[in-house]
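Notes to accompany the following structure.
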Amino acid sequence: MSAPNMDVLVSLAKRRGFIFQSSEIYGGTGSCWDYGPLGVELKQNIKRVWWRDFVQERPDMVGLDASILMHATVWKASGHVDNFTDPMVDCRECKRRFRADQLGDMPWLHFCPATKGNKFTIPAGEACGHCNARRTLCPDCGKGELTAPRQFNLMFKTFMGPVEEDAALTYLRPETAQGIFVNFDNVLQSMRKKLPFGIGQIGKSFRNEITPGNFIFRTREFEQMEIEYFVNPGDVVDGRPADEYWHERWIADCMDFFRRYGLQPENLRLREHEKDELAHYAKRTVDVDYRFPIGWSELMGIANRTDFDLRQHSKGSGKSLTYFDEEKKEHVVPYVIEPAAGVDRTVLAMLTEAYHVEDVRGEKRVVLRFHPEVAPVKIAVLPLLKKREEIVSRCWELRDRLAARGWVTVYDDTAAIGRLYRRQDEVGTPYCVTVDVQTVGDAEKGEAGDGRVTIRDRDSMGQIRVPIADLETAFADLLGGAAWAAVAARYPAQAGS
Ligand code: ATP
């Protein structure tokens, strides 16, 4: 199955309540998106498993939730005021703006002199097949000259307090990392951590991107899941400097994380930053790229930031940000390994990966094969007949029971059963429970119910008959990672629909 194109995902996301354009009734904003009822569940699940796997389960990690607005000097010391810029060019004709470093990645409009000025759209980086020209003008209008690049600072400015004056100027954070660095000593003192240890944080960041776009891939407001992992650069682990050893470990752990929640190995790759691409403070940076609908692009970055940030903030604040090594009796400035992932890009990667179109007995089935841990809805309880009071009331009772176990469970009776299954497939619900006449019996005919319901598996469409009393155990197994076949083997199969 080839990857879906972006328009298909945008349309499904809107239609099924995952992601809406921000302020749509006012014509929408260029680069902001709102997560709808299913999108917010998906996003929360991603953040929850990340937090659990990287912060809560590891003895060498703690968490933090720093504020978005910080002392303005933080951004001076961190280098963001002077260096957090992208080179921008403007078209003198249509006035559009572009990132100079991305011009080569864009298809371009060309009025070809060799074909009496016919208009062609030429793929990124290619020359015109007729006149052999390469792009020099505006890629969008094909006519305007571009200005020389100017550096544009990506930080959003704002004012703290009621007076709009320079003294009150500060910024919305463009990354969550700095909140961790400035709290390094607070965490060290309060938690008595020993090196190596890390601090994880999830939160909003803001960048006034010159060319946002590609749905939630590049927006001006987004969420990050970041870790700053502090190591003693003087230590040696497995014969290597500790920072290099831990950098490798974090690269492996991050790749494992994405694979664990469903991204296929063939859609993930590591990309080493070239020397001339490295930030001036970075010793080494490796990106995890994903094969998005727009092609291979960055999902996260894992950088060795050396001791740059702690030294800068120490200089800027006048406070010592060191660690006292009890054994060597010396103060060290730790090196920092920074695994920095985007929540929204992870949502997009998981949506892309999950999307499948299948042919089922001559009909098209769209199914989102989410990992059960990230699926927005875990179970749908469906009545075979919505006019039978006993069936409906039993469905609601089961919905409430399963929801009380912490599994997001919905009830739906707005269509016939086949249609209801397809709708749940399309939002990635791993399991459906169906209550039918056999379950509740028929009082008028004096027939007792068998007290069993059907569980249907999204991926195989297999169905089993399970006693109601067993439901919680069966779902604890299934949602806890047991294979469908293993659980299904315990119960009689049911002919599928
Ligand atoms: P890019 O090169 O794509 O602009 P970056 O290298 O500047 O990204 P980092 O500063 O390393 O990004 O941020 C870490 C992660 O935060 C990125 O890998 C990405 O997942 C996410 N991220 C950064 N900028 C954006 C954005 N504008 N919209 C959505 N996610 C973003």
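The values are calculated or read from the model by the stated rules, or taken from the named source; none is laboratory data. Here the structure is a predicted model, which is why all the values come from computation and not from measurement. Backbone-built Cβ (ideal geometry, glycine too); neighbour counts: all protein chains shown. Quick note on the areas: whole protein, heavy atoms, side chains included, nothing else; ligands and nucleic acids left out. Shrake-Rupley method; radii C 1.70, N 1.55, O 1.52, S 1.80 Å.
The table below gives the values:
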quantity	calculated
Sole residue being open to solvent by 20 Å² or more (accessible area, probe 1.4 Å) and in contact with a helix residue (DSSP H, G or I) (Cβ under 7 Å, 6 or more places away or on another chain), chosen from SER320, SER314	SER320
Looking only at the stretch 414-440, and only at residues there that are touching a helix residue (DSSP H, G or I) at 6+ places or on another chain (Cβ under 8 Å) and under 17 Å from LYS387 (Cα atoms), the one that is surrounded by the most Cβ atoms within 10 Å (Cβ to Cβ)	VAL435
Selection count where residues are among the small types (Gly, Ala, Ser) and in a helix (DSSP H, G or I), scope the stretch 259-278	0
Pair list, Cβ < 8 Å and 6+ apart or interchain, from the stretch 413-431 residues that are of a type outside the set (Val, Ile, Thr) to residues that are part of a helix (DSSP H, G or I) and open to solvent by less than 10 Å² (accessible area, probe 1.4 Å)	ASP413/CYS395; ASP413/LEU420; GLU426/LEU12; GLY428/ALA354; PRO430/LEU478; TYR431/PHE475; TYR431/LEU478
Any hit, the stretch 244-258, residues being in a loop (DSSP other than H, G, I, E, B), within 16 Å of the ligand (Cβ to nearest atom) and surrounded by fewer than 20 Cβ atoms within 10 Å (Cβ to Cβ)	no
Pick from the stretch 329-344, criterion within 16 Å of the chain's Cα centre (by Cα) and surrounded by 24 or more Cβ atoms within 10 Å (Cβ to Cβ), ranking: nearest to the ligand (Cβ to nearest atom)	ALA341
Residue tally, condition within 15 Å of the ligand (Cβ to nearest atom) and in contact (Cβ under 8 Å) with a residue 12 or more places away in the chain, over the stretch 294-324	13
Close pairs (7 angstrom Cβ cut-off, 6 or more residues apart or separate chains): of a type in the set (Ser, Thr, Tyr) in the stretch 234-248, at pLDDT 95 or above and open to solvent by 50 Å² or more (accessible area, probe 1.4 Å) anywhere	TYR245/ASP238
Residues being within 16 Å of the ligand (Cβ to nearest atom) and either within 17 Å of ALA100 (Cα to Cα) or not β-branched (Val, Ile, Thr) (or both) - total across the stretch 136-180	14
Strands (runs of 3 or more DSSP E) within the stretch 152-222 that include 3 or more residues within 21 Å of the chain's Cα centre (by Cα), closer than 22 Å to LYS76 by Cβ and in contact (Cβ under 8 Å) with a residue 12 or more places away in the chain	197-206
Selected residue [within 11 Å of the ligand (Cβ to nearest atom), over 20 Å from VAL374 (Cα atoms) and surrounded by 18 or more Cβ atoms within 10 Å (Cβ to Cβ)] from THR219, THR211	THR219
Segments classed as strands (runs of 3 or more DSSP E), wholly inside the stretch 26-97, with at least 1 members that are open to solvent by less than 30 Å² (accessible area, probe 1.4 Å)	61-64, 85-90
Within the stretch 331-437, helices (runs of 4 or more DSSP H) holding 3 or more residues that are within 30 Å of PHE197 (Cα to Cα)	343-354
Residue match in the stretch 393-413 (condition: in contact with a Pro (Cβ under 9 Å, 6 or more places away or on another chain), open to solvent by less than 50 Å² (accessible area, probe 1.4 Å) and within 16 Å of the ligand (Cβ to nearest atom))	no
